[in-house]
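The structure appears below as structure tokens.
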Amino acid sequence: MEIPVLALNDVKLKVEDKEILRGVNLTINKGELHAILGPNGAGKSTLASLIMGINGLSEPTSGEIIFKDKLINGLSIYERARLGLTLAWQEPARFEGLTIEDYLKISGKNNPDLDIDKCLEAVGLDPKVYLKRFVDESLSGGERKRVELASILAMKPDFAVLDEIDSGIDFTSIEDFQGVLQEMKNDGITILMITHNEKLLSSADRASLLCNGKVIKTSDPETIKKQFEECKVCEVLDFEQKETHKEEG
């Protein structure tokens, strides 16, 4: 029997009278890589923020967020981190003034098996080149994202939320990124991957489609990919209908 490590039960979120999440039901099993796919504006990043308790979103308007059988509604990001939750942002934190080596040491301070060189090599960065570089504006966006992924490997949390970490990344091939995901799984990290990239779905054990603030289906990656294509077609048709009504008005 699968063991859910994270469960969202009828989670709703309203911000300034606007419904962002409209009754999300989702379970993530221990040790799995679960992908969330959806169009722009579906609520994917908001969902990630709510799970982590950041950007002023520590508690849903209604519903429950359960992590390791514990209700985490209202807990701070630090309290959630102590439980084993961590997040990689679309735009990674820069920690200006720290060397990459120091940043990874801080990330992995509670990991007795920390191997900084291995963490960097896993994300395609040469330790000889990057250990003494600073986490600052001199790093490209792709390099910063690789460093962010290396920090998760260093931290070795129980659960990682990857919020469109692949967006704009300069990996030479999709296989590189899939290799990092596999490295995380090998370390026992449960992963929730929020993405626009349909190619990455093949790495997932299961996937869910988020549209208009609701999970409309959870299934195998190929099924979700096909339904996502249908969802995008519906989105275009809906936009065209709205534009037609504007012109008629």
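About the centre of its Cα atoms, the stretch 91-156 shows a dipole size close to 100 debye [charges on the beta carbon of Lys, Arg (+1) and Asp, Glu (-1) only; nearest 20 debye]. Taking mean projected area of the Cα convex hull in nm² as the quantity of interest, determine which of (i) 15.1; (ii) 17.7; (iii) 13.8 was computed from the displayed structure. Matching the structure shown: (i). Remark: ILE224, ILE36 ranked as ILE224, ILE36, counting other beta-carbon atoms within 10 Å and listing the fewest first.
DSSP beta bridges fully contained in the chain are about 55 percent antiparallel.
With each label modelled as a point 7 angstrom along the Cα→C-beta vector, the LYS217-SER138 pair spans 4.9 nm.
Note the full-extension length gain between THR99 and GLU121 as 0.36 nm times their separation in residues minus their Cα-Cα distance, in nm to one decimal.
Contour length minus the Cα-Cα distance gives 6.3 nm.
The residues neighbouring LEU83, those whose beta-carbon lies less than 12 Å from its own, together hold a net charge of +1 under the Lys/Arg +1, Asp/Glu -1 convention. The angle separating the long axis of helix 174-186 from the principal Cα axis of greatest extent in the chain is about 70 degrees.
Each stretch of four or more DSSP H residues adds -39500 (n - 2.57); spread over every residue of the chain, this sum gives -11000 deg cm²/dmol at 222 nm.
Segment GLU79..ASN29, full-extension length gain: 15.9 nm, with 0.36 nm per residue of separation and the alpha-carbon distance subtracted. Using only side-chain charges placed at the Cβ, +1 for Lys and Arg and -1 for Asp and Glu, the dipole size of the chain relative to its Cα centre rounds to 620 debye. The modelled label-to-label distance between ASN9 and SER62, using points 7 Å beyond Cα along the C-beta direction, is 1.5 nm.
From the cross-link list LYS14/LYS70; LYS68/LYS145; LYS145/LYS225; LYS105/LYS132; LYS18/LYS44; LYS105/LYS156, which pairs have alpha carbons spaced over 18 Å apart? Violating the 18 Å Cα-Cα cut-off are LYS14/LYS70; LYS68/LYS145; LYS145/LYS225.
Stretch ASP17-GLU229 to full length: gain in nm at 0.36 nm per residue minus the Cα-Cα span?
73.3 nm
Computed from the C-beta positions of ASN110 and HIS196, the FRET efficiency with R₀ = 41 Å rounds to 0.80.
At a 10 Å Cβ-Cβ cut-off, how would you order LEU114, LEU153, LEU33, fewest neighbours first?
In increasing order of surrounding Cβ atoms, one gets LEU114, LEU33, LEU153.
Put in order of Cβ neighbour count within 10 Å, fewest first, the listed residues PHE67, PHE134, PHE177 become PHE134, PHE67, PHE177.
Read-outs throughout are calculated quantities, based only on the coordinates presented, and are distinct from any laboratory measurement. Just so we're clear, the structure is a prediction, and the values are computed from it rather than from any experiment. Please note: Cβ atoms are built from the backbone with ideal geometry, for glycine as well, and neighbour counts cover all protein chains shown.
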